[in-house]
Amino acid sequence: MPILCSTGALIGRPNRRDYTLLRDIAPKLGCDGFELMIYPDWYLIYGKLIDFTHEIGINIPVIHCEKSIGELLSSGNGEDLNTAMRNFRLNCEIAKGVGAEKLVLHLWNGLVSDSHIENNFAGYRYLREISDEYGLALLVENVVCNVSNPMQRCYELHETYPDAEFVFDTKMAAFHCQEEKLYDDENAWLQDSIRHYHVNDYGGGYMDWSNLRVLPIGDGRVDFDKFFSYIKRKNHKDFTFTVESTAFDKTGVVHTEILNRCFDTIRKYLSEGSGSVAQ
């Protein structure tokens, strides 16, 4: 079960979203590869981005699609829909270029969130047509909601598109106090449709917007003993995990020890006979 690092944990506004930082940072990380977070700044230079990943030889099995795609779908405006499709196709071009197989999608996102979910679900059909054209698995994340909740929205998508596949983010679920729903037999539809996990901690309460930040494993309240016990029982060979804990400070300096600690913790959980992992 490969353990990946989100490039969004390394590259952000404080370091000018400079993807070339990966040249020096990647060798310092004990992960098996990367989930490449796409920023709109890169659309005009995506060919250079692809060439760079080949130059430094990093493994990128998963792409996290640029987040505004879901917001554009929400508007219901034809021009916004066309922009969303155009940008999504660029995300697919990058994915194929770097050798990825999976696309993580925020089907709803931002302040508009799930307030016009019918538009997001209608747009999903077009996104699937494009991702299928590129031979990529499109995975919808259980992103936080401000109208309903992610489990309900994922279920509604499943009802409309039974072959839809998902990413389960532990922090997103904890924000809505829905971690336990992953283990319920009544949610077998979700269990059988998950292809990827975001393994992050959360320190706030129910829909605590002031604490909606990604914490390293063990720094919040997610019950990872139970989570990894469930993962080991499922034993799906094509599971992948991504750590997204923000590791850069306000000056843009990346602290790799934060992420390496997370990778080590996950490996301990996955190792034979492991029980509770002390932090």
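The values are calculated or read from the model by the stated rules, or taken from the named source; none is laboratory data. Since we're looking at a predicted model, the values are computed, not measured. Cβ atoms come from the backbone with ideal geometry, glycine included; neighbour counts cover every protein chain shown. SASA here: full protein model, heavy atoms, side chains in, ligands and nucleic acids out. Shrake-Rupley method; radii C 1.70, N 1.55, O 1.52, S 1.80 Å.
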Could you grab the pairs with beta carbons closer than 6 Å, sequence gap of 6+ or different chains, first residue in region 188-207 and part of a loop (DSSP other than H, G, I, E, B), second one open to solvent by less than 30 Å² (accessible area, probe 1.4 Å) and of a type in the set (Lys, Arg)? Asn200/Lys171; Tyr202/Lys171
Quick one: in region 183-216, of everything that is within 27 Å of Pro162 (Cβ to Cβ), open to solvent by 30 Å² or more (accessible area, probe 1.4 Å) and not hydroxyl-bearing (Ser, Thr, Tyr), which residue is nearest to the chain's Cα centre (by Cα)? Arg195
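Is it the case that Phe34 is assigned to a helix (DSSP H, G or I) and open to solvent by less than 40 Å² (accessible area, probe 1.4 Å)?
On the way: assigned to a helix (DSSP H, G or I): no; open to solvent by less than 40 Å² (accessible area, probe 1.4 Å): yes.
Considered against the rule, which asks whether it is assigned to a helix (DSSP H, G or I) and open to solvent by less than 40 Å² (accessible area, probe 1.4 Å), Phe34 comes out as no.
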Given the structure, is Val140 among the β-branched types (Val, Ile, Thr) and open to solvent by 20 Å² or more (accessible area, probe 1.4 Å)? no
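For the structure I just gave you, tell me whether Ser68 is at pLDDT 95 or above, more than 30 Å from Pro2 (Cβ to Cβ) and polar (S, T, N, Q).
On the way: at pLDDT 95 or above: yes; more than 30 Å from Pro2 (Cβ to Cβ): no; polar (S, T, N, Q): yes.
When the stated conditions are applied, Ser68 does not pass them.
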Gln152 fails exactly one of the following numbered conditions: (1) touching a residue at least 12 places away in the same chain (Cβ under 8 Å); (2) under 17 Å from Asp184 (Cα atoms). What is the number of that condition? (1)
If we scan region 168-182, do we find a residue that is modelled with pLDDT of 95 or more, open to solvent by less than 50 Å² (accessible area, probe 1.4 Å), hydroxyl-bearing (Ser, Thr, Tyr) and part of a loop (DSSP other than H, G, I, E, B)? no
Just wondering, is there one or more residues in region 66-86 that are open to solvent by less than 50 Å² (accessible area, probe 1.4 Å), under 22 Å from Lys48 (Cα atoms) and not in a helix (DSSP H, G or I)? yes
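In region 174-189, what residues are among the hydrophobic types (A, V, I, L, M, F, W, C) and over 14 Å from Ile231 (Cβ atoms)?
Selection gives Ala174, Phe175, Cys177, Ala188, Trp189.
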Against the conditions (1) in contact (Cβ under 8 Å) with a residue 40 or more places away in the chain; (2) under 26 Å from Asp208 (Cα atoms); (3) surrounded by fewer than 20 Cβ atoms within 10 Å (Cβ to Cβ), where does Tyr126 fall short? Just the number, please. (2)
Please pick out the residue among Glu244, Glu257 that is open to solvent by less than 80 Å² (accessible area, probe 1.4 Å), of a type in the set (Asp, Glu) and at pLDDT 95 or above. Glu244
Please work out if Ile50 is more than 18 Å from the chain's Cα centre (by Cα), hydrophobic (A, V, I, L, M, F, W, C), open to solvent by 20 Å² or more (accessible area, probe 1.4 Å) and at pLDDT 95 or above. yes
